[in-house]
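*Asks:* Have a look at the structure that comes next, please.
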Amino acid sequence: MSTELKLPDIGENVAGGDVVRILVNKGDTIKKDQPVLELETDKATIEVPSDQDGTVSEIKVKEGDKVKVGQVVLTLDGGAGVKTEDERPKTEAKTEDARTKTDGVPADKEKEKVVDIASRSKPAAKAAGEAELAAKPDATESTPAGKVGAAPSVRRLARELGVDITRVQGSGPGGRVGAEDVQGFVKTAMTSGGRGLSQGAPLPDFTKWGAVERKPVSNIRRKTAEHLSGAWNTIPHVTQHDKADITSFEALRKSHGPAVEKAGGKLTITAVLLKVAAAAIRKYPQFASSMDGDTIVYKQYTHIGMAVDTEYGLLVPVIRDVDRKSVTELSVELAQLSEKARAKKLSLDEMSGGVFTITNLGGIGGTSFTPIVNYPEVAILGVSRAVMEPVWAGEGDGFEARMMMPLSLSYDHRVIDGADAARFLRFVCEAVENPLLISL
């Protein structure tokens, strides 16, 4: 008996992804929980396991394909999963065919009911929203390569709502786009700052001036762009700048660094800032909150994200319970998560649940920058390169050469006032300058 192996639910709000690598071949005997393919989602690359034993009789996808949750990826012989279409009892198939004839209505005579997103508050909107898509496409209809399958009325709806229909993921046969898909796309876009809707005039024809090259946007890059665009459009950003004197820290790092390295980590300013930020959040809890309509949600845990630059794009692994861990423990965990990020081995859980984010560009350079808040968080700390600067030491002492590190704190002005942001950042600077303050 042949069975179908379908792409399982792979995480909250993850509808599918791109096939990066097929891990099995036709004829292979596989076991339950054995990885069968690598899938790149919006957040990470994950291995998809089989949910049954069997022998691979057919591989339904290839590298580079976009697949959705519930889509068949393999056919197995000797498994115990869902029967294939060809093996259903004929009576079952006939019953379904009869039901199709009874329920089916010619597409050109059907009345399509759609929801106008802009008028959901009207009484009629509820009834319209509950209506099924009337234009049901024939499952055997083919769609030319590179084209989007959709009824004319659905295309008209997309144009009226300002949606690029090629960006809508269809839920119909063969990926066909229905009215409910367009409505869902608009609802998601509106709740995330309008990203994905048509914006501005189309680009000019750049080939008139020279050669160009087009490359598809990776899932991670696309998701980063959408997320940051939504955050920028939603949050009224303000950035506070300050400098921390890390001269004493540099001496501390040189004396205690070898011990941390023996534990498997590296004593960096980032590890110290994780601990300092956790202490600052305890003192100023609004920095670990989220805006929810007319209420503010204060989180009672201290999970902090650390932005990691990878060749695939920006990833933000989250370190749990930072306030309960030592700097050495944080150094080890930071090194492990950073390595997993660069190898695209982070799980979705390892990138979720953060209340605050730190992004460090000091290893590259720069004197300051304006980081974008990682929504739904309300603040993010940016770190720039530390340099030796002359600092006034007082009358009689003159100027001293000190190692000064620029810090930039971007925050959501709906939740955090400028004075509180200045106090928060000053606390961070003083704690870095006097590490004993952390324990006090």
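*Asks:* When a/c reaches 1.5 or more, the comparison of a/b and b/c decides; with that in mind, is region 254-332 rounded, prolate or oblate per its Cα gyration tensor?
*Replies:* On the way: a/c = 3.07, a/b = 1.64, b/c = 1.88.
It is oblate, given that a/c is not under 1.5 and a/b is not larger than b/c.
*Asks:* Another question about this same structure. What nm value, rounded to one decimal, do you get for the distance between residue 420 and residue 250 when each label is placed 7 Å out toward the C-beta?
*Replies:* 3.5
*Asks:* Convert each backbone phi in region 214-223 into a coupling constant with the Karplus relation 6.51 cos²θ - 1.76 cosθ + 1.60 (shift: θ = phi - 60°), then list the ³J(HN,Hα) values in order as whole Hz, x for Gly and Pro.
*Replies:* Running phi through 6.51 cos²θ - 1.76 cosθ + 1.60 with θ = phi - 60° gives 10, 10, x, 7, 5, 4, 5, 5, 5, 5 Hz.
*Asks:* Can you give me the Cα centroid spacing of region 331-394 and region 1-51 in angstrom?
*Replies:* Centre-to-centre distance over Cα atoms comes out at 32 Å.
*Asks:* Using the Cβ atoms and a cut-off under 10 Å, what net charge is assigned to the surroundings of residue 393, where Lys and Arg are +1 and Asp and Glu are -1? Intermediate values should be presented prior to the final figure.
*Replies:* Details: positive: 402; negative: 395, 397, 400.
Every neighbour counted, the sum reads -2.
*Asks:* Rank-order 362-369, 241-248 by packing density, defined as the average count of other C-beta atoms within 10 Å over each peptide's residues, highest first. Don't skip to the answer; put the middle values down first.
*Replies:* Working: 362-369: 12.5, 241-248: 18.4.
Result, highest mean Cβ count within 10 Å first: 241-248, 362-369.
*Asks:* Here is a further query. Which whole-Hz ³J(HN,Hα) couplings does region 318-333 yield from phi under the Karplus relation 6.51 cos²θ - 1.76 cosθ + 1.60, θ = phi - 60°, glycine and proline marked x?
*Replies:* 3J(HN,Hα) across region 318-333, in whole Hz: 10, 9, 7, 6, 4, 5, 9, 10, 7, 4, 5, 4, 5, 4, 5, 5.
*Asks:* If packing is taken as the average count of other Cβ atoms within 10 Å, what order do 58-65, 321-328 fall into, highest mean first? Don't skip to the answer; put the middle values down first.
*Replies:* Numbers: 58-65: 13.1, 321-328: 16.2.
Ranking the peptides 58-65, 321-328 by packing returns 321-328, 58-65.
*Asks:* Here is a follow-up. Based on the alpha-carbon gyration tensor of region 327-440 and its eigenvalue square roots a ≥ b ≥ c, which shape applies: rounded if a/c is under 1.5, prolate if not and a/b is larger than b/c, or oblate? Let's see the in-between values first.
*Replies:* Working: a/c = 1.98, a/b = 1.52, b/c = 1.30.
Prolate, because a/c is 1.5 or more and a/b exceeds b/c.
*Asks:* Please list the non-local residues whose amide H lies under 5 Å from the amide H of residue 37, H modeled 1.01 Å from N, same-chain partners needing a gap of 5 or more.
*Replies:* 23, 48
*Asks:* Give the residue list of GluC sites (Glu not before Pro) in region 384-440 that are DSSP loop and have at most 10 other beta-carbon atoms within 10 angstrom.
*Replies:* On the way: sites: 395, 400, 430, 433; in loops: 395.
Those satisfying the criteria are 395.
*Asks:* Under unit Cβ charges (Lys, Arg +1; Asp, Glu -1), what dipole magnitude, rounded to 20 debye, does region 299-440 have relative to its Cα centre? Spell out each step's value before the answer.
*Replies:* Working: 13 positive and 19 negative charges, 94 e Å.
With Lys and Arg at +1 and Asp and Glu at -1, about 440 debye.
*Asks:* Right, another one. Over the alpha-carbon set of region 217-292, divide Rg by the Kirkwood Rh and report the Rg/Rh ratio to two decimals.
*Replies:* Dividing the radius of gyration by the Kirkwood radius yields 1.11.
*Asks:* Right, here's the next one. Could you run the Karplus curve 6.51 cos²θ - 1.76 cosθ + 1.60 with θ = phi - 60° over region 17-23 and give me ³J(HN,Hα) per residue in whole Hz, x for Gly and Pro?
*Replies:* x, 9, 6, 8, 7, 8, 9
*Asks:* Here is a follow-up. Starting with the highest mean, order 223-229, 294-300 by the number of other Cβ atoms within 10 Å, averaged over the residues of each peptide. Before the final figure, lay out each step's value.
*Replies:* Values: 223-229: 17.1, 294-300: 10.4.
Packing order, densest peptide first, comes out as 223-229, 294-300.
*Asks:* Tell me the net charge near residue 325. Cut-off is 15 Å between Cβ atoms, residue 325 excluded, with +1 for each Lys or Arg and -1 for each Asp or Glu.
*Replies:* Details: positive: 275, 282, 320, 324; negative: 321, 323, 329, 333.
Here the charged neighbours net out to 0.
*Asks:* For region 208-345, rounded, prolate or oblate, judged on the Cα gyration tensor with a ≥ b ≥ c (square roots of eigenvalues), a/c < 1.5 rounded, else prolate if a/b > b/c?
*Replies:* Numbers: a/c = 1.98, a/b = 1.28, b/c = 1.54.
Oblate, since a/c reaches 1.5 and b/c is not below a/b.
*Asks:* What is the sum of charges around residue 71, taking Lys and Arg as +1, Asp and Glu as -1, for the other residues whose C-beta is under 11 Å from the C-beta of residue 71?
*Replies:* Numbers: positive: 6, 60, 66, 68; negative: 4, 65.
Net charge in that neighbourhood comes out at +2.
*Asks:* Something else about it: For the pairs 243/345; 187/275; 31/66; 262/299; 243/283; 6/340, flag any whose C-alpha to C-alpha distance is greater than 32 Å.
*Replies:* On the way: 243/345 35 Å; 187/275 39 Å; 31/66 25 Å; 262/299 34 Å; 243/283 20 Å; 6/340 27 Å.
Check vs 32 Å cut-off fails for 243/345; 187/275; 262/299.
*Asks:* Of all accessible surface on region 299-440 at a 1.4 Å probe, what whole percent is carbon and sulfur?
*Replies:* Answer for region 299-440: carbon and sulfur cover 53 percent of the accessible area.
The values are calculated or read from the model by the stated rules, or taken from the named source; none is laboratory data. These numbers were taken from a predicted model, which means no experiment stands behind them. Reconstructed Cβ throughout: ideal geometry from the backbone, glycine too, with neighbour counts over all protein chains shown. The accessibility values were calculated without ligands, DNA or RNA, using every heavy atom of the protein model including side chains. Shrake-Rupley method; radii C 1.70, N 1.55, O 1.52, S 1.80 Å.
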